[in-house]
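Report on the structure given below.
The values are calculated or read from the model by the stated rules, or taken from the named source; none is laboratory data. Remember, predicted model here, so these are calculated numbers, not experimental data. Positions of Cβ are generated from backbone atoms using ideal geometry, with glycine treated the same way; all protein chains shown enter the neighbour counts.
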Amino acid sequence: MSSPIIRVTDLCKDYETALGPFPVLKNVNVSISAGEYVAIMGPSGSGKSTFMNILGCLDKPTSGEYVLDCHPVAELDSNQLAQIRNQTIGFVFQGFNLLTRSNLLDNIALPLVYAGTDKKVRHERARVLLEKVGLGKYPASMPNQISGGQQQRIAIARALINRPRLILADEPTGNLDSKTSEDIMRLFAELNEEGITIIIVTHEADIASHARRQVRFLDGRIVHDAPATEAPSRAEAETA
Amino acid sequence: MFGAMLGEAWHAMGANRLRTFLTMLGMIIGVSAVVLMMAIGQGAQESVKQSINAMGSNLFIVLAGSRTASGARLGGGNAASLTVQDGEAITMLEGVKAVAPVSFGNAQVIFGANNWATSIIGTTPDYLDVRAWSLKDGYSFSDSDIRSATRVALIGRTVVDNLFGDTDPVGKTIRIKQAPFVVLGVLESKGQSLDGRDQDDTIIVPLTSAQRKLFGAQFPDSVRMLMVQGESPEAMAMAENGMTSLLRQRHKLRDGDEDDFFIRNLTAAAESAAETTRTMSLLLGAIASVSLLVGGIGIMNIMLVSVTERTREIGIRMAIGARERDIMQQFLLEAIMISVAGCLIGLLLGIGGALLVNLLTGAAVVISSNAVATAFAVAAAVGIFFGFYPARKAARMNPIEALRYQ
C-alpha cells in the first residue's frame, strides 16, 4: 500500500460543559492508507462521529496531530480547510443534507460552484454523475420529490463531483431500509474499486461487513482495529 | 461563480415571496418618498429661480430720498435729488454693468373705443437689458428717441389684450393722457412678479417723453428711481458701496448727514425666497431619508431571521467547501438585491407620484437624474450596510454547529 492518506497521532477532543471539559476522544492513533475501505463502529457516545468530523476538517481537535495527505491540518487557515473539504474530501451525511430549494442537478453541481468551475462544465459533470447514480432521468426534480435512497444517491454524487480522494460517510444508511442500504453499500464498494478511499461510520454490523477494515470505538478509544474478516463478536467488543 | 450566486439569491428571494415583498416595501416607500419630495422641492426651487430670472439678475434700485411738503413726509422717491447724471456717473463705477433711470406713474390709455388704466415707465433703452426683457414683436426705441423725446411706446401683453384684442398693435397710435404715442413694439410676457403684481400690465416710453409730455418733472433730468445692474453676484457688495459714496459725494452730503437716497438690493430679497425653498426641500428630503433608514433596518431584521432559518443550509455549504467569503457574498448579494429591487419599484412610484402631483395641483416638479442616481446609490449602500452584519454572522458560523442545528 502507498503512504497513508490519513495519519492521526495522540488525538484528543474535549467538549466544554458546565461541569468542565468532558473528554470525547482520548489519545486516538490510527493510520489509513490511500485506497482503503474502513468502517468505524461503536455504540452512540463512543466518539466515532466526533472523530469523523475531525477527519472531515469540520471540527478541530483539542490536542494531538492530524495529517491529511501530508498536510498537518492544524496549520491550515479556514480558506485552506474549505478548499480541502471542497477538493479532497467528499462528505455523505445520515440526513442526506441536500439543499431543498435546488433541483437535483444543481445540488450535485454545488461544490463546483465553490471550486469556481464555469456553468457549462458544472452541468456536464453533474449530468454524468446523475447517470452514474441511476437518476439520469430526473435532473430537474426537487429533493422532496424522490425517495430517501435516491436522495442519498444524489448526496453521494455531490460528494464525488470534485473527484475527491477520500469519501467520509457518517451513518449513510441510518435513515434507509435494508434493501436500499444494500444498494448504497454496493455503490460505495464500486467507488472503492475505482481507488477512492472510503471511511464509513456505522453501528450496524452488516453494513460494516462491506468494509475491508473495521475500527471499533468505545468511550473515546479505539478498542479494535482489524481486517473485516476478523470482526469480533458483539460480546467480545463489549468486554474489551 | 457570480452568476450562480445571483441565481441562488433570486431563488432565496422567491422562496418566501410575501416576506421578500414586505421587506422591500420599506425600501419602496423610502425611495419613492425621497424621489417625490426631491421632485417637489426642486420644482419649487425652479419656479422661484424663474421668477428671479424674470425680474433680471443682480439688480439694485436706487430711489430718491423723501421730501417733506407742508409737514407731510412724502416717502421715498419724491425728492428731486436723483438725476439722470447720477445714473451716468454710476455706470462708470466698477462692478456696475448698466443703469436705467426710471420715472413712472399711472395714466389712462385710449385706443379706438377702448380705454385702460395702466402704469407708465419712462426710461432708456438699457432698461430692457437690465430687466432681461425682450420684445415679442416690433422693435425698441433708441437713444435718439430719448434725445428728441419722440412719442413712441412699447406695450405689455395685458395692455395689448385690453386695448387691441385681436388687432396687431404695432404701428398703431394710442393716446396716453391725451398725447398720441405710436406703438413700436410688444413686450414679451413676463408673468407675475414675486409679490404677485402683473408685470405685463405696463407701457414703456422714452424717459424724456414721459417727463415732458406725461408727468412733468420738478427739475429737468430729475428721476424718481435708477435701476442698476451689477456685473455679477460677487460684485454686488462692491457696487453698493461704490454707489453710496459716489452719490453722497455728488449730492454734497457731509459726514453725519443722512443719505438723500435709498439703495435696495432686489436680488437679496429674491435670494432669501430661494433660500427658503432650498431649506424646505432639504427638510423634505431629510424626512424622507428617515424612511429609507427604517427600510434598511427592515432588511437587516429579515436577513438576520433568514440567516438563523438557514443555519443548516450554511452548514451544508461549508461542509462541501464554501469559504467564509462565499457565504458572506451570498447573503450580502441577497440584501443588495432586495434593496435594489425595492429601489427600482420605489423610483417608478416616486416618479409616477411626482407626475400625478404635477397633474393634479399644477405644482412644478423637477425629476433630476441626479436625484434618481442618489436614491439608487443610497439604496445600494443601505443594502450593503444593513446586509453586512447578518452576512458576517452567517460567514462566521462554525460548520459543525451549523450542521447540527435543527
### Task
Identify the single condition in (1) surrounded by fewer than 22 Cβ atoms within 10 Å (Cβ to Cβ); (2) assigned to a strand (DSSP E or B); (3) not small (Gly, Ala, Ser) that A:Pro43 does not satisfy, given that it satisfies every other one.
(2)
### Message
Give all pairs with beta carbons closer than 9 Å in which a residue from region B:332-351 that is within 28 Å of B:Lys393 (Cβ to Cβ) meets a residue that is polar (S, T, N, Q); count only pairs at least 6 apart in sequence or on separate chains.
### Response
B:Glu334/B:Ser306; B:Ile338/B:Thr20; B:Ile338/B:Thr23; B:Ser339/B:Thr23; B:Ala341/B:Thr20; B:Gly342/B:Thr23; B:Ile345/B:Ser32; B:Gly346/B:Ser32
### Check on B:Ile28, over 30 Å from B:Asn301 (Cα atoms), modelled with pLDDT of 85 or more, assigned to a helix (DSSP H, G or I) and in the same structural domain as B:Arg278 (by TED's automatic domain parsing)
no
### Query
Is it true that B:Asp143 is within 30 Å of B:Gln85 (Cβ to Cβ), in the same structural domain as B:Leu93 (by TED's automatic domain parsing) and either crowded, with 19+ Cβ neighbours inside 10 Å or not hydrophobic (A, V, I, L, M, F, W, C) (or both)?
yes
### Task
Could you list all residues from region A:108-156 that are in contact with a helix residue (DSSP H, G or I) (Cβ under 6 Å, 6 or more places away or on another chain), within 11 Å of chain B (Cβ to nearest Cβ) and not hydroxyl-bearing (Ser, Thr, Tyr)?
A:Ile108, A:Ala109, A:Pro111, A:Leu112, A:Val113, A:Ala115, A:Arg122
### Message
Tell me the residue from B:Ala341, B:Ala375, B:Ala380, B:Ala319 that is surrounded by 22 or more Cβ atoms within 10 Å (Cβ to Cβ) and either modelled with pLDDT of 90 or more or out of contact with any Gly (no Cβ under 9 Å at 6 or more places or on another chain) (or both), please.
### Response
B:Ala319
### Task
Kindly establish whether A:Leu81 is hydrophobic (A, V, I, L, M, F, W, C) and touching a helix residue (DSSP H, G or I) at 6+ places or on another chain (Cβ under 6 Å).
no
### Task
Considering (1) over 21 Å from A:Leu129 (Cβ atoms); (2) out of contact with any strand residue (DSSP E or B) (no Cβ under 9 Å at 6 or more places or on another chain); (3) polar (S, T, N, Q), say which one A:Thr180 fails and leave the rest.
(1)
### Query
Going through region A:184-240 one residue at a time, which ones are among the aliphatic types (A, V, I, L, M), modelled with pLDDT of 90 or more and assigned to a strand (DSSP E or B)?
A:Ile198, A:Ile199, A:Ile200, A:Val201, A:Val215, A:Leu218, A:Ile222, A:Val223
### Query
Any residue in region B:309-329 that is away from chain A (no Cβ under 14 Å) and not basic (Lys, Arg)?
no
### Message
What's the total number of residues in region A:1-35 that are within 16 Å of A:Tyr66 (Cβ to Cβ) and not hydrophobic (A, V, I, L, M, F, W, C)?
### Response
12
### Message
All but one of (1) within 14 Å of chain A (Cβ to nearest Cβ); (2) over 30 Å from B:Arg404 (Cα atoms) hold for B:Leu348; state the number of the condition that does not hold.
### Response
(1)
